[in-house]
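These notes concern the structure reproduced below.
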Amino acid sequence: VLNWPLGSIVSQGSHAAVAAIHKFREDERVKAYLSDVDGMHKVVLETKNEASLFKVADGLKQQGIPYYLWVEQPENTPTCLATIPVMRSDLAPMRVGAGCDVSWFFHTCLRRTAPRLLAETYASPCLQPTRTAAFSIGYSPQPRHHSTVRGSPTSPRHERTSDRDRDISFAQGGGSYRHSSTKSAETRRDGRRDTKYESRQGAGPRALHSVKGLVRHTPSANDTQRYLMYKAIHRSDPNGVWLGFNGILNNKEWHKVTEYDIIRVLQIFNRQYAYERSPETLNRLKTVVEVTERHGLRLKTIWAYNELIRLHLAEGRRDLAYWIKQNIESNVYGPDVKINVHTYAALFSDPSIDGLPDLIRLTNLYDEMLRRNIAPNTQVQKSLISAARRTGEHHLLKALLDSTNLESVPHSYSTLAARFAGARGQGYIGLRKLNPPLAEILRLLSYPVIKDNRPIPECRTEDGSQGNIKIPFELSNTRQAFFIYLRSAYELQIHMHIIRREGKFAWKLLDDLRRNCYLPPTLMLYTWFVRYYSKRKDIRRLREIYELMMQDGVSPNEHVYTKLITACMFTPGDRLLSVLAKRVADKHASQVGDSDADMEANGPPSEAVPQESGLPAIPKDVIATEDVNSLVYFPSECIAFFEDMFLDHGVKTSDIHSRKLCPNVQITNAVMRAYMALEKPAMALREFNRYCFNQRYLYPSNNPPDASSQQRYTLSLVCKMALEAAAMLGDRKSSQRIYTDMLEWGIQPPASR
């Protein structure tokens, strides 16, 4: 459902209608329709979603009716479908009465239209056969829903709500209000009466509590900024809340604002700051408090002081936060203001917690909660676990993990459970335990999937750690947010297995991640696997990783391609070489065992027959050496990865002057070695020329950085291979140019033979 303004919705139909008329302008029905400009008439019908829009398009295609599907850009969203003017009888399967031409507009369900206006304009059917008919189908024509809450912007009397006119209570374990009106019914402007309604979670105008999927209220000039602000609060839109709050000040509607309104605004911005740590959000919080103080609005509930504690801690003014706590304990704000679990949750939300003194202060608060018989919620437990992990207090961390569990989170709060499981998983990783976090992941899979499918454009990690994912607050309770947290928990496990050199377990977890999470693994996760298998020269696994990246739509970066290409041609160290030699020796031992078994079964073998060429037999140690060499260098695979890199960037390998892709010196070295191993010196010389052209393009007035960095040795090898390739081709001109480049770069050329 798209929340677009009325003007944008009308323009969708206009785009589709004009496009359909222009595309099929030679059709006789279009010409007849345009001949009577004053008699144009159109039908507007509704489709509930994008799938039903395409279903209508398929039906029109089967009937042979020309149409035009408008796709709005840059959103790339199909919004409207328009046909040419046709008779209703031609659209009988669409259940439209016969007797006139119809120009159809099928558009997806768009909120904030003007259903009454469209319904009043196009309610009566057209009976003239020479004109086209029109119906409004975007929304059903329903009367405006008026609020009956006293003091609501849409109620007949805009008067300030007093404390005795509303019953405010709080849900156990949560910080949200429950608001109920003390009046059973109230007369509306049109003389009708609303029935009594039950208490609903959340506060604000009653129009916010409409049936899900329907928008009963049409914005009009009579709507106040306070009403619009509550709509933004209802959908957790901080920017909308800020616009509504500014509108209250600009339109001089402050006399309608209550303490409850300020608390809801502070809650929204404090939660946004907890998710995003944005300085802009902190400035908004300060502005709300300053405006409240300037207008003399007195705060009288514990919920307001809890939000002030969060604000002062976010500002770094810890002394003011604890001063408020002391005043609450001393009954400075009245006997009705009592400390609750959310007060301690606010004190635990300090973003500047770092070091052992802060941890001691938090543990004292935790002990104080237990002495007062206040059960800690998941926010308190999560903050304390994170603080103990950062300070390295493993005994306290183990005690906290043993005393808490994921089952304390309600089954309907999937995203909250995922965040709590992420904090516990990091704690277990700090204790070098991998089985409990895996059990947490499996328990997370039993939570219900959230239905909100809004996409998250961007997410990143805090301080480079996996698990502290920064997601926009307004999208923090979406389906994609839950799976982002789930993927982060998987990646944390996989990373630890890779660090422990447990490739089999890491590979198994990768399969589980791709099976249980609809989001693809991140590029960082695949980079870990590429690094792991490239060090071990496991080219088969590297090829599988690359194919998985292509299947998941994860584009490798330059670092990944460098590891893939260089892994095929680098010379291993003594340790890895001994491992490869042992692998070849075991292979030959098994072959010898098989030959001994055949000899016992078939008798002694016949004498060896000399080869037709007359060459002597190859010794066994040389055969083993050649087998090891085949496990060390993979020139064909190296060239294949190299060509895939160019294909991924849309560049031909033969175009050495392309500026879209500039291979670095490591890639150039590996590819030249591969071509020389395949006895293709011309191709090796081509890659050297490509590298030289890119370096002159990137650094026209200076020497390439590789000539004066740690890659200087690699660059000297590249130049020597280029000289060897030019000598094999007998290209004296290329040899002279290579000598000149080496002298310019400060590389000592080899002595001429």
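The values are calculated or read from the model by the stated rules, or taken from the named source; none is laboratory data. Source: prediction; values computed, not measured. Positions of Cβ are generated from backbone atoms using ideal geometry, with glycine treated the same way; all protein chains shown enter the neighbour counts. Quick note on the areas: whole protein, heavy atoms, side chains included, nothing else; ligands and nucleic acids left out. Shrake-Rupley method; radii C 1.70, N 1.55, O 1.52, S 1.80 Å.
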**Fill in**
With x for Gly and Pro, the residue-by-residue ³J(HN,Hα) of the range 643-660, computed from phi through the Karplus equation 6.51 cos²θ - 1.76 cosθ + 1.60 at θ = phi - 60° and given in whole Hz, is 5, 5, 4, 5, 5, 5, 8, x, 10, 7, 5, 7, 8, 7, 9, 6, 9, 6
**Message:** Along the Cα→Cβ direction, 7 angstrom out, place labels at residue 689 and residue 712. What is the inter-label distance in nm?
**Reply:** 3.0
**Item:** Given charges at Cβ of Lys, Arg, Asp, Glu: the range 1-91 dipole, positive-most of 70, 51, 9
**Value:** 51
**Item:** Mean Cα-pair separation over length for the range 326-450, i.e. relative contact order, pairs under 8 Å, 6 or more apart, %
**Value:** 20
**Fill in**
On the accessible surface of the range 500-584, probed at 1.4 Å with all protein chains in place, carbon and sulfur together account for a percent value of 53
**Item:** Solvent-accessible area per residue for the range 622-725 (1.4 angstrom probe, square angstrom)
**Value:** 49
**Complete:** If unit charges are put on Cβ atoms (+1 for Lys and Arg, -1 for Asp and Glu) and the dipole of the range 656-705 is taken about its Cα centre, the option from 663, 677, 700 lying farthest towards the positive end turns out to be 700
**Message:** Taking the Cα centre as origin and putting +1 on Lys and Arg beta-carbons and -1 on Asp and Glu beta-carbons, what dipole magnitude results for the range 1-51, to the nearest 20 debye?
**Reply:** 80
**Where 358, 36, 644 fall by accessible area, highest first, once all protein chains stay in place (1.4 Å)** = 36, 644, 358
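With +1 on each Lys and Arg Cβ and -1 on each Asp and Glu Cβ, how big is the dipole of the range 307-377 about its Cα centre, in debye rounded to the nearest 20?
The dipole of the range 307-377 has a size of about 140 debye.
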**Fill in**
Probe 1.4 Å, all chains present, heavy atoms only: residue 483 accessible area in Å², nearest 10, is 20
**Complete:** Taking alpha-carbon centroids only, the range 417-433 lies from the range 691-753 a number of Å equal to 52
**Message:** With +1 assigned to the C-beta of every Lys and Arg and -1 to the C-beta of every Asp and Glu, and no other charges, what is the dipole magnitude of the range 372-493 about the Cα centre in debye, to the nearest 20?
**Reply:** 100
**Asked** Farthest toward the dipole's positive end in the range 486-555, which of 507, 488, 517, given Cβ charges of +1 (Lys, Arg) and -1 (Asp, Glu) about the Cα centre?
**Response** 507
**Asked** How much FRET efficiency would the formula 1/(1 + (r/R0)^6) give for residue 361 and residue 54, where r is the Cβ-Cβ distance and R0 is 60 Å, rounded to 0.05?
**Response** 0.50
**Prompt:** Between rounded, prolate and oblate, where does the range 664-747 land on the alpha carbon gyration tensor, with a ≥ b ≥ c its root eigenvalues, rounded for a/c under 1.5, else prolate if a/b exceeds b/c?
**Reply:** prolate
**Message:** Out of the total accessible area of the range 247-365 (probe 1.4 Å, heavy atoms of protein only), what percent is carbon and sulfur?
**Reply:** 49
**Prompt:** Any idea how far the Cα center of the range 321-363 sits from the one of the range 503-562, in Å?
**Reply:** 46
**Request:** Give me the accessible area of residue 728, 1.4 Å probe, in Å² rounded to the nearest 10.
**Result:** 110
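Can you check what the net charge comes to around residue 269, using other residues whose Cβ is under 14 Å from the Cβ of residue 269 (Lys, Arg +1; Asp, Glu -1)? Please list the in-between numbers first.
Working: positive: 264, 271, 277, 284, 286, 310; negative: 237, 261, 276, 280, 290, 307, 315, 474.
Neighbour charge sum, excluding residue 269 itself: -2.
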**Fill in**
Over all pairs of different Cα atoms in the range 389-443, the reciprocal of the mean inverse distance gives a Kirkwood radius in Å of 11.5
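Compute the Cα gyration tensor for the range 222-291, then decide on rounded, prolate or oblate, letting a ≥ b ≥ c be the square roots of its eigenvalues: rounded whenever a/c is under 1.5, prolate when a/b is larger than b/c in the other cases, and oblate in all that remain. Don't skip to the end; give the middle numbers.
Details: a/c = 1.94, a/b = 1.54, b/c = 1.26.
Here the range 222-291 falls in the prolate category.
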**Message:** Given the whole protein assembly as supplied and a 1.4 Å probe, what does the accessible area of residue 14 come to in Å², nearest 10?
**Reply:** 60
